[in-house]
Amino acid sequence: MYIRIEPESKTPIYTQLIYQIKTGILRKELLPGETLPSVRSLARDIGINMHTVNKAYKRLQEEGVLIQDKKAFLVNPSQQIDVPDEVNRDFEERFEELLIDAKIFRMTNDTMEQLKEKIEVRLKKGES
């Protein structure tokens, strides 16, 4: 799996890493039960701090996306991940922000559906 971090982005690096990993899982580039690179190895390979990688891995573990086996992090082998309450609340807050923006900019439901479809196509093609 190729990970691309954009240091100049407004999005924190650990958040970028979280979504790069989630996208890899979604695209089946990372399979259930697959071991991720060690914190040290991934940090070195993509040129970021070990603590940043550890923070991303720990957050993904809290969400149930990753599990930790001994010292390694693995993609959760379960086909169905229960959504923790904290993740559900976070999703609701982010979704609410998007809906507020959509209403402020008078986006129609058709426009929002077109955006959703465009993003889904991009995810399937392996773009981000």
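The values are calculated or read from the model by the stated rules, or taken from the named source; none is laboratory data. Just so it is clear, the structure is predicted and the values come from calculations on it, not from any experiment. Here Cβ is always computed from backbone atoms with ideal geometry, including for glycine, and neighbour counts include all displayed protein chains.
Flag: Ile81 matches the condition of being under 19 Å from the mean Cα position of the chain (by Cα) and either loosely packed, with under 10 Cβ neighbours inside 10 Å or part of a loop (DSSP other than H, G, I, E, B) (or both). The test for being in contact (Cβ under 8 Å) with a residue 24 or more places away in the chain, of a type in the set (Val, Ile, Thr) and in the same structural domain as Ile25 (by TED's automatic domain parsing) does not hold for Ile67. With respect to being within 20 Å of Lys22 (Cβ to Cβ) and in contact with a Pro (Cβ under 7 Å, 6 or more places away or on another chain), Val75 fits the description.
For every residue, the table says whether it meets (1) within 14 Å of the chain's Cα centre (by Cα); (2) aliphatic (A, V, I, L, M); (3) modelled with pLDDT of 95 or more.
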| residue | (1), (2), (3) |
| --- | --- |
| Leu17 | yes, yes, yes |
| Ile25 | yes, yes, no |
| Asn54 | no, no, yes |
| Leu60 | yes, yes, yes |
| Ile100 | no, yes, yes |
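Among Asp101, Asp110, which is outside any loop (DSSP other than H, G, I, E, B) and within 25 Å of Glu6 (Cα to Cα)? The unique qualifying residue is Asp101. Exactly one residue out of Glu8, Glu63, Glu29 is out of contact with any Ser or Thr (no Cβ under 7 Å at 6 or more places or on another chain) and under 22 Å from Lys125 (Cα atoms), and it is Glu29. Filtered by the rule that a residue be surrounded by 18 or more Cβ atoms within 10 Å (Cβ to Cβ) and part of a loop (DSSP other than H, G, I, E, B), segment 40-75 gives Ile48, Val65.
Being closer than 30 Å to Gln80 by Cβ and of a type in the set (A, V, I, L, M) is the filter here; which residues of segment 6-45 pass it?
Hits for segment 6-45 are Ile13, Leu17, Ile18, Ile21, Ile25, Leu26, Leu30, Leu31, Leu36, Val39, Leu42.
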